[in-house]
Each structure stands twice: as structure tokens, then as C-alpha cells.
Amino acid sequence: MPFLAGCRAIVPAFACQHSDLLLYLVPSAALAFLIRLLAGTHPFFFLFTVAGTICHELAHFTVGLLTGARPSSLTIIPRRVGHNWELGSVTLMRVRWYNAAPAALAPFLIIALPLLVARWRTTPGWTFQPVDLAIAFALAPQFLSFWPSRVDWRIALRSWPYLLIIGAVAALASAVRPSLFQFVRP
């Protein structure tokens, strides 16, 4: 049930339909923002990012394994690289055009974890309980870790042939069924 009566006038329908779920995630997102601000001030705050780092690197490892990229090592021990910190890494031995983007952009899958937990906690109707504060602390690092790093984006660029395939399929689909791409009806 949406918590705002005139919700659809303000935000998209999706947000209105899932307002409880989104409201449940606000404390986690706020904690993620706070952790991001504090992580640069002292190495102690890296402790709050460990769960997210583990999920991020496991996503690379798992998708790399499933797509044939042959992951050979995984580390979550932070190390200094220049002026920045590298919180973890996965070494992939066989990165090809067809598996580069899936393996490199795998951390996007992490955002499903907070959404699934929020759905689980809000489905029967919910009231905020003390356990939800602990869950908020556990979910906050996931918001920090789902975005791929610069290195991940560079590796994903090796999959540029996918753009040609997607373009060819879209052109074929629009030739066969022009109404598929008609977004505005007269």
C-alpha cells in the first residue's frame, strides 16, 4: 500500500506501488552515505565496507566462472595503490569479448540483495523493529559496492561487439514489427 494518497501525481507509478519497500531502504542508503563520507577520514571505517567488498568480488568471481572467464584468484585484503585504496580484486585469466561485460559488470547484481531483503521484511506489512536497524547496517555496504569500478568499466568495453548484435536485433525487430518501437500513439 502506498503511504502517500496522491503519490502518482508526484513520483512514477513503480515508486508508489513499492513505497513501503523503498521507505524501508532509506536508513540503509543513509548509512551508506555516512560510511562513504567517513571512509576517507580513517582506515577504521574500511571495516564497514568489508561485506560490500566481499559481495562485489564474489559477483565478479561467480559470473566469471559461469561465463568461462576463468577466475584464478580473489582477494578482499585492502592495499594502497597510489593515492587510493584497492579494497579487493579478482583475477580473470580468460577475458574475451563475449564474457568481458558480464564478468566486469556483475556487481550490478548486488543491488538485488537489499531489494530482496526489503521485500522480505515489508511483505506482510511491517513495523520497524530493532532487528531492522541491524539489517540496515548489513545492507548499507551493498549500496556502496554495487557500482563497478573504473577498471571494471574498462574491461567491460571489450564486449563492444554486443552493441552490434543488439543493434542488428533491434533493426530486424523494427523491420518485422514496426509497432514494437512505437512509444507514442497518435
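The values are calculated or read from the model by the stated rules, or taken from the named source; none is laboratory data. Owing to the predicted nature of the structure, the values given are computational and were not obtained by experimental measurement. Positions of Cβ are backbone-derived with ideal geometry, glycine not excepted, and every protein chain shown enters the neighbour counts. Note: accessible area is taken over every heavy atom of the protein model, side chains too, but ligands, DNA and RNA are not part of it. Shrake-Rupley method; radii C 1.70, N 1.55, O 1.52, S 1.80 Å.
Label points 7 Å out from Cα along the Cβ direction at Met93 and His42: separation in nm?
The answer from the label model is 4.3 nm.
Going 7 Å from the Cα of Ser72 along its beta-carbon direction, which residues of segment 78-103 have the amide nitrogen within less than 13 Å of the resulting point?
Answer for segment 78-103: 90-95.
Highest GNM mean-square fluctuation, the chain, Cα pairs closer than 10 Å: which of Gln129, Gln142, Gln17?
Largest GNM mean-square fluctuation: Gln129.
Taking the solvent-accessible surface of protein heavy atoms with a 1.4 Å probe, what is the per residue accessible area of segment 69-186 in Å²?
Normalised by residue count, the accessible surface of segment 69-186 is 70 Å².
If I build a Gaussian network model for the chain, linking alpha-carbon pairs within less than 10 angstrom, which residue out of Val26, Val81, Val176 has the largest mean-square fluctuation?
In this elastic network of the chain, the residue with the biggest mean-square fluctuation among Val26, Val81, Val176 is Val176.
With mean projected area of the Cα convex hull in nm² in mind, check (1) 11.6; (2) 15.3; (3) 11.0 and report the label derived from this structure.
This structure yields the entry labelled (2).
Which value in Å does the Kirkwood hydrodynamic radius of segment 33-118 take, with 1/r averaged over all unlike C-alpha pairs and then inverted?
Answer for segment 33-118: a Kirkwood hydrodynamic radius of 14.0 Å.
Could you work out the relative contact order of the chain, using alpha carbon pairs under 8 angstrom and six or more residues apart, expressed as a whole percent?
24 percent
Pop the C-beta distance of Leu163 and Ile54 into the FRET formula with R0 = 35 Å and round what comes out to the nearest 0.05.
Efficiency, from the Cβ-Cβ distance: 0.65.
Can you compute the charge dipole magnitude of segment 1-141 about its Cα centre, using +1 on each Lys and Arg Cβ and -1 on each Asp and Glu Cβ, nothing else charged? Give it in debye, rounded to the nearest 20.
340 debye
Using the Cα centre of the chain as origin and beta-carbon charges of +1 (Lys, Arg) and -1 (Asp, Glu), tell me which of Ser149, Leu113, Ile165 is placed farthest towards the positive end of the dipole.
Of the candidates, Ile165 comes out farthest on the positive side.
What's the center-to-center distance, using Cα atoms, between segment 50-83 and segment 87-134 in Å?
14 Å
With a 10 Å cut-off between alpha carbons and a GNM built on the chain, which of Leu164, Leu113, Leu105 moves the most?
Leu164
Go through Ile135, Ile76 and list them by solvent-accessible area, largest first, probe radius 1.4 Å.
Ranking Ile135, Ile76 by accessible area, largest first, yields Ile76, Ile135.
With all protein chains present, how much of the accessible area of the chain (probe radius 1.4 Å) comes from carbon and sulfur, to the nearest whole percent?
71 percent
For the residue pair Ala29 and Glu86, what label-to-label distance in nm results when each label sits 7 Å from Cα along the Cα-to-beta-carbon direction?
3.2 nm
What net charge is computed for the residues neighbouring Gly68, neighbours being all others with C-beta under 13 Å from the C-beta of Gly68, Lys and Arg scored +1, Asp and Glu -1?
+3
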